[in-house]
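A short worksheet on the structure shown next.
The values are calculated or read from the model by the stated rules, or taken from the named source; none is laboratory data. These numbers come from a predicted model, not from an experiment. Using ideal geometry, Cβ is built from the backbone for each residue, glycine included, and neighbour counts are taken over all protein chains shown. Side chains are part of the model used for accessible areas, which takes the heavy atoms of the whole protein and leaves out ligands, DNA and RNA. Shrake-Rupley method; radii C 1.70, N 1.55, O 1.52, S 1.80 Å.
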Amino acid sequence: MRPPVEVSVFLLSLLGPGVLFTMNKIPALQEPLPILGMGMFVLGSVLLLLILTVQHKTKVDPLFYVFAEFTLSCMVGLTNALEQDGFISGFMAFYIKMGEPHLGTAYAVMMSYWEVVHLILLLTIIHRMFAGKSFRSLGLLWAGSAIANQIVVIPGVVIGKYGSNIQPAFWRNVPFFLVPFWAASQLFSRPKEMPVVTADKIAAEQKKSLLSRPADLLLSLLLLGAVAFFVFRGFVVLDCPLDACFTYIYQYEPYLKDPAGFPRVMMLVYFFYAVPMVSVLLYGLNTPGCSWMFDWTVFFAGAMAQTQWCHIGASLHSSTPFTYRTPADKRWPVIALNVLLAIVPPLLALRCRANPAYFMKPVPKGQSNDDKKKN
C-alpha cells in the first residue's frame, strides 16, 4: 500500500537537512562551487524521485512538482532558523560561511521560521490536489508569500552589506525567484470557483452605498491608512529631510537603517508596489462587480503576512544589533501598527469570501427573480 502523496513529499523534504548535515562533515563539499553544484544536484534528484513517486497516477498537475520541490526549501529554511537560534547545530555553519552569509541575519531567521507556514500550505495543497479538491486559493496565498519573500531578499542581499560577498550559492535563488511567478500565472489563468448567490441578493448588495456597509467603510479607512503609512516609510528610507521622518527612523523604527538592506528594500517595495495594489483593492471594495477581488485579496494577504512577520520579528530579534532594534519605550505602538498592516489584507480577503454578493458580476436588467416573477 502506497502512502499518501503528501506524506511521501514530506519524507523527501527531509533530504534537505540530511544533505546539509553530511556536507557539514565533508570539507571537500564546503567550497563555494561544490556547494552550488550539490544544491542543483539535490534539486534534480528530488525532482526525479517525485516523478517516480507519482508515476502510477494517470494525470499529474505540473504545479505538483513546483509545490513539492519547495517543501525541500522549507525544511532547509527551518533548519537554518533552528540553528541560528541555538536549538540545533552541525547543519548550517559551512553554508553560512561559504554559501549565503545573509542567512545568519535576523531577517533571514524570521524568513526561515515562516517556511513552516509555507510547508503546511504546500502539503495541504498537495493533499487537496490529489483528493480532487480545489487548491487555487491556497496556491495564490502561497504564491503571494513566496514572491514577496524573494523580491525583498534578492535585492536586499545585492544592495546591503552582503552585496560585496556574494557567493555562487546565492544564484540558486534564481529559480526560486522565477518559478513562483510562473505558478501564480498558472493559478490566475485557471477558472475560479464562484460562490452560488441568488440574483436578488447580488442586486440588493450592489445597490448599497459605502455608508450602508460599515465593515467595508472600516476596511476602506484602514486601507487608506496603510497607503499613508507605506508612503511615509518610503520617504523615511529615501532619507527625506522632514523632521517627522528623522524622528521616526531614530526614535521609532531604527531597524529601517539596518545595513543588511532588507528593511530598506521592503519599504521601497511597499512604496512602489503595495501602494498601487492597495489603491486598486480600494477601488474594488467600492465598485460593484469586481470579481477579481476574490483572487487578488488572497494573493496580497499572503505577501503582507510574510513580509510583516519578517519585519516585526527581525526588528526585535537578538541577532539585530541593539542600536537598530525597536526602542523599548516605543515597542508596542510600533508593533501594533505593523501587526495592523499584516492583518488588514487577510481581513479584506475574508470579507470577500464571507459575503461575496457585492463582488459578483452584475446581473443583467430583467434577470433577477423579482423581474422573472413579474413577467
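Tabulated data for the structure shown
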| read-out | value |
| --- | --- |
| Conditions (1) assigned to a helix (DSSP H, G or I); (2) surrounded by 21 or more Cβ atoms within 10 Å (Cβ to Cβ); number of the one not met by residue 320 | (1) |
| Residue in region 283-310 that is farthest from residue 218 (Cα to Cα), counting only those that are in contact (Cβ under 8 Å) with a residue 40 or more places away in the chain, part of a helix (DSSP H, G or I) and hydroxyl-bearing (Ser, Thr, Tyr) | 307 |
| Residue count for region 37-58, restricted to those that are assigned to a loop (DSSP other than H, G, I, E, B) and surrounded by fewer than 11 Cβ atoms within 10 Å (Cβ to Cβ) | 3 |
| Failed item in (1) surrounded by 15 or more Cβ atoms within 10 Å (Cβ to Cβ); (2) out of contact with any Ser or Thr (no Cβ under 7 Å at 6 or more places or on another chain); (3) under 23 Å from residue 183 (Cα atoms), with residue 77 passing the rest | (2) |
| Answer from 22, 79 - the residue that is among the polar types (S, T, N, Q), in a helix (DSSP H, G or I) and touching a residue at least 60 places away in the same chain (Cβ under 8 Å) | 79 |
| Condition check for residue 151: under 16 Å from the mean Cα position of the chain (by Cα), within 24 Å of residue 353 (Cα to Cα) and surrounded by fewer than 21 Cβ atoms within 10 Å (Cβ to Cβ) | no |
| Yes/no for residue 255 being out of contact with any Cys (no Cβ under 6 Å at 6 or more places or on another chain), touching a residue at least 12 places away in the same chain (Cβ under 8 Å) and in a helix (DSSP H, G or I) | yes |
| Pairs where the first residue, in region 169-196, is at pLDDT below 95 and the second is assigned to a loop (DSSP other than H, G, I, E, B), C-beta under 6 Å, 6+ apart | 169/99; 169/100; 170/100; 193/134 |
| Matching residues, region 82-109, being buried (at least 22 other Cβ atoms within 10 Å of the Cβ), among the aliphatic types (A, V, I, L, M) and farther than 18 Å from residue 32 by Cα | 106, 108, 109 |
| Subset of region 254-275 [closer than 17 Å to residue 154 by Cα, among the hydroxyl-bearing types (Ser, Thr, Tyr) and buried (at least 24 other Cβ atoms within 10 Å of the Cβ)] | 270 |
| Single condition residue 145 does not satisfy, out of (1) polar (S, T, N, Q); (2) assigned to a helix (DSSP H, G or I); (3) surrounded by fewer than 19 Cβ atoms within 10 Å (Cβ to Cβ) | (3) |
| Lone qualifier among 34, 3 - being at pLDDT below 95, surrounded by fewer than 19 Cβ atoms within 10 Å (Cβ to Cβ) and not in a loop (DSSP other than H, G, I, E, B) | 34 |
| Pairs with Cβ under 8 Å, 6+ apart, first in region 26-47 and under 13 Å from residue 95 (Cβ atoms), second open to solvent by less than 40 Å² (accessible area, probe 1.4 Å) and of a type in the set (Ser, Thr, Tyr) | 35/95 |
| Enumeration of residues in region 133-179 that are within 17 Å of residue 300 (Cα to Cα) and not hydrophobic (A, V, I, L, M, F, W, C) | 136, 137, 139, 144, 145, 149, 150 |
| Residue among 280, 269, 236 that alone is assigned to a helix (DSSP H, G or I), touching a residue at least 24 places away in the same chain (Cβ under 8 Å), within 23 Å of the chain's Cα centre (by Cα) and assigned by the TED database to the domain that holds residue 304 | 269 |
| Single match in 314, 357 (criterion: at pLDDT below 95, assigned to a helix (DSSP H, G or I), more than 15 Å from the chain's Cα centre (by Cα) and among the hydrophobic types (A, V, I, L, M, F, W, C)) | 357 |
| Failed criterion for residue 71 (all others in (1) under 23 Å from residue 181 (Cα atoms); (2) open to solvent by 30 Å² or more (accessible area, probe 1.4 Å); (3) among the β-branched types (Val, Ile, Thr) hold) | (2) |
| Residues of region 204-251 satisfying the condition of being under 30 Å from residue 297 (Cα atoms), open to solvent by 30 Å² or more (accessible area, probe 1.4 Å) and small (Gly, Ala, Ser) | 204, 209, 212, 215, 225, 228 |
| Residue match in region 86-96 (condition: out of contact with any Leu (no Cβ under 8 Å at 6 or more places or on another chain), among the β-branched types (Val, Ile, Thr) and either free of Cβ contacts under 8 Å to residues at least 12 places away in the same chain or under 28 Å from residue 155 (Cβ atoms) (or both)) | no |
